[in-house]
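The values are calculated or read from the model by the stated rules, or taken from the named source; none is laboratory data. In this text, all values refer to a predicted model and were calculated from it rather than measured experimentally. Here the Cβ is made from the backbone with ideal geometry for all residues, glycine too, and neighbour counts use every protein chain on show. Quick note on the areas: whole protein, heavy atoms, side chains included, nothing else; ligands and nucleic acids left out. Shrake-Rupley method; radii C 1.70, N 1.55, O 1.52, S 1.80 Å.
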Amino acid sequence: MSIAFVRTADAPLLPAPPTVVGWQAALRHRFMPTPLSGVASIVVGTLLVWVLWTILDWALIRAVFVAPDRVLCNAEGAGACWPFIGEKLLQWVYGFYPHSERWRVNIVYLMGAVSLAGLLIPRIPWKGWNAIFFFVIYPVITFFLLLGGRFGLTYVETSQWGGMLVTLVLAVTAIVTSVPIGILLALGRRSEMRVVSLLCTLFIEVVRGVPLVLVLFMAANMFPLFMPPGVNPDKLLKAVIGTALFASAYMAEVIRGGLQAIPKGQYEASQALGLPYWKMMGLIVMPQALKIVIPGIVNNFIGLFKDTSLVTVVGIFDLLGIVQSGFNDPKWASAQTGNTGYFALAMIYWVFCFGMSRYSMYIERKLNTGHKR
Amino acid sequence: MASNAQFAVEMKSVNKWYGQFHVLRDINLEVKKGERIVICGPSGSGKSTMIRCINRLEEHQNGDIVVDGIPLTANLKNIDDVRREVGMVFQHFNLFPHLTVMENCTLAPIWVRKMPKAEAEAAAMKFLTRVKIPEQAQKYPGQLSGGQQQRVAIARSLCMNPKIMLFDEPTSALDPEMIKEVLEVMVDLAQGGMTMLCVTHEMAFARQVANRVIFMDQGQIVEENEPNEFFKHPKSPRTKLFLEQILH
Ligand SMILES: Nc1ncnc2c1ncn2[C@@H]1O[C@H](COP(=O)(O)OP(=O)(O)OP(=O)(O)O)[C@@H](O)[C@H]1O
Ligand SMILES: [Mg+2]
């Protein structure tokens, strides 16, 4: 018999069977490709429905939406106590900032939101000017506007700030300063100059080896030791500096990870073209290294944003502190007040962090130039 | 001044060590302007190390290297000056993956030579046309074939208007059909009068364009001659052995 074969007629094109296409197939393929994973899907699904239902029941169905005070919220079987949030929300946003001066905070929020949007949305032009405004001019304006005591503005000391205002001041300052300081520390640690590398390594390892709570305590109490006698910097300023330094040490290690992933050839090509050190780092190495570690950087931002809540331990009323202080209000103290407050707070933190996470994924996709190493 | 120097590259009794390992031993080499030199030798013989000393990607410990009249010492200004005049093409291209082909080409002229952007782009276009890929200017390196990437790398070096070009095995990471397109560009460059030092095992290329072939082994220059003599009548037994191996 011959092994030669020649096809004389084309095999017919047939429609795919229902096990391959259609919603039943998709459902089956995703949730129960094997009997075991089918069981797992059902168990997890049931659990999920139960959790969601419990939350929904508490947050909406049994919840109190309108009430003058705690009486309704304290009733047997009552769910979330939303009127409490409604009454306290402005305090969460402005802290103890005097009512008549809240417009100053509004201006700060508004300028920040507008120029941040300008920076983050790629389609909007004038990125350079926007960056100068956001990173240089805006902090100066914010400082004088919030603190006052000059230009005819009444002085509002930082102990009167609070809530979202303090959380954002802390988080944004720490986030914005941690990147450049982290870059310098990472470069320093990898430097061939032994003294520089030793100092940077020492700083990073010491700061990373101490819990943030302790850094905050030490910043609050030990700073004066480094100052001339009688000088004791502002409490909030000390917390800002402590958080920023702490964040920088973490950032430095993330960025160093990125630097390590850059092949030696990139350095050699830059040097062969005559680029001096800082231009090589700024134009070739850093852009690539930072791009690689965007997920790590944003992870740090998110962690940092939430960690600012630790400043309550040194007596600063950030968002968490303000929310908790509201629980003691005799007008509202009820069985559900705490739960409702924490639940709302969790959602606020989550919205910020989820926003950061999604934005970083968007930027990662945008920066992808098709080069996979 | 520098440009009146007699030699493009001058190496006198150059020695270099990696730790205890004596990687370059008593290297003496004079390259005239416009001369084209091919360097070959077994793996690990120090070919890369030698040409990398010429633009100070490696530091020599002993002896003198003078490039276009500029002595290579610890003086950082001299190193910068030399690197401006010397272009280098690497085995693995080393293009900047986060920049487009055009940006790869204009980066150094703009930031090192302080050339206005429009002028740099016009020059880049000229060189991209010379290496026959003007249509790829707006792509990223990751979107090009190996041969195209290497031609971009050559164009990128040329954009600095170098007086000397160094090639370190520019075709050994390429598939056979791409080797040809890169070699064509290099032949064109050689015919344009560029001073070139090429580490390569492309012997046809050596025969066609080299003024001189240098054979290295164990960190030393073992034999040098004009290509015809070098390939027909190698003198040293080590050269004979090496040529037998690569020419079958
Ligand atoms: N950074 C380094 N540290 C220590 N030894 C090195 C280093 N770089 C190269 N060497 C050694 O120096 C020798 C010469 O290396 P070089 O890269 O110059 O060889 P080559 O002739 O270019 O070889 P190939 O054809 O494989 O590229 C080799 O034995 C290598 O192992
Ligand atoms: Mg080599």
Search result, residues across the range B:159-201 that are within 16 Å of ligand 2 (Cβ to nearest atom), hydrophobic (A, V, I, L, M, F, W, C) and open to solvent by 30 Å² or more (accessible area, probe 1.4 Å): B:173
Qualifying positions in the range B:59-91 - within 16 Å of ligand 1 (Cβ to nearest atom) and buried (at least 17 other Cβ atoms within 10 Å of the Cβ): B:60, B:65, B:88, B:89, B:90, B:91
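Residue-by-condition table, conditions (1) aliphatic (A, V, I, L, M); (2) surrounded by 19 or more Cβ atoms within 10 Å (Cβ to Cβ); (3) over 23 Å from the mean Cα position of the chain (by Cα):
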{"position": "B:94", "(1), (2), (3)": "no, yes, no"}
{"position": "B:107", "(1), (2), (3)": "yes, yes, no"}
{"position": "B:135", "(1), (2), (3)": "no, no, yes"}
{"position": "B:149", "(1), (2), (3)": "no, yes, no"}
Restricting the range B:25-36 to residues that are open to solvent by less than 70 Å² (accessible area, probe 1.4 Å) and within 15 Å of ligand 1 (Cβ to nearest atom), the residue that is farthest from residue B:14 (Cα to Cα): B:29
Spans of strands (runs of 3 or more DSSP E) in the range B:1-115 with at least 3 residues hydrophobic (A, V, I, L, M, F, W, C) and within 16 Å of ligand 2 (Cβ to nearest atom): B:21-32, B:36-40
Subset of the range A:258-285 [open to solvent by 10 Å² or more (accessible area, probe 1.4 Å), under 26 Å from the mean Cα position of the chain (by Cα) and more than 10 Å from chain B (Cβ to nearest Cβ)]: A:260, A:261
Number of the exception - residue B:204 against (1) within 16 Å of ligand 2 (Cβ to nearest atom); (2) open to solvent by 10 Å² or more (accessible area, probe 1.4 Å); (3) of a type in the set (A, V, I, L, M, F, W, C): (1)
Tabulated pairs, the range B:76-93, first within 7 Å of chain A (Cβ to nearest Cβ), second open to solvent by 30 Å² or more (accessible area, probe 1.4 Å) and away from ligand 1 (no atom under 16 Å from the Cβ), C-beta under 7 angstrom, 6+ apart or interchain: B:80/A:276
Residue in the range B:175-207 that is nearest to the other protein chains (Cβ to nearest Cβ), counting only those that are in a loop (DSSP other than H, G, I, E, B) and more than 15 Å from ligand 1 (Cβ to nearest atom): B:194
From B:221, B:246, residue being assigned to a strand (DSSP E or B) and either open to solvent by 50 Å² or more (accessible area, probe 1.4 Å) or more than 25 Å from residue B:100 (Cβ to Cβ) (or both): B:221
Verdict on residue B:49 being touching a Leu at 6+ places or on another chain (Cβ under 8 Å), surrounded by fewer than 21 Cβ atoms within 10 Å (Cβ to Cβ) and among the hydroxyl-bearing types (Ser, Thr, Tyr): yes
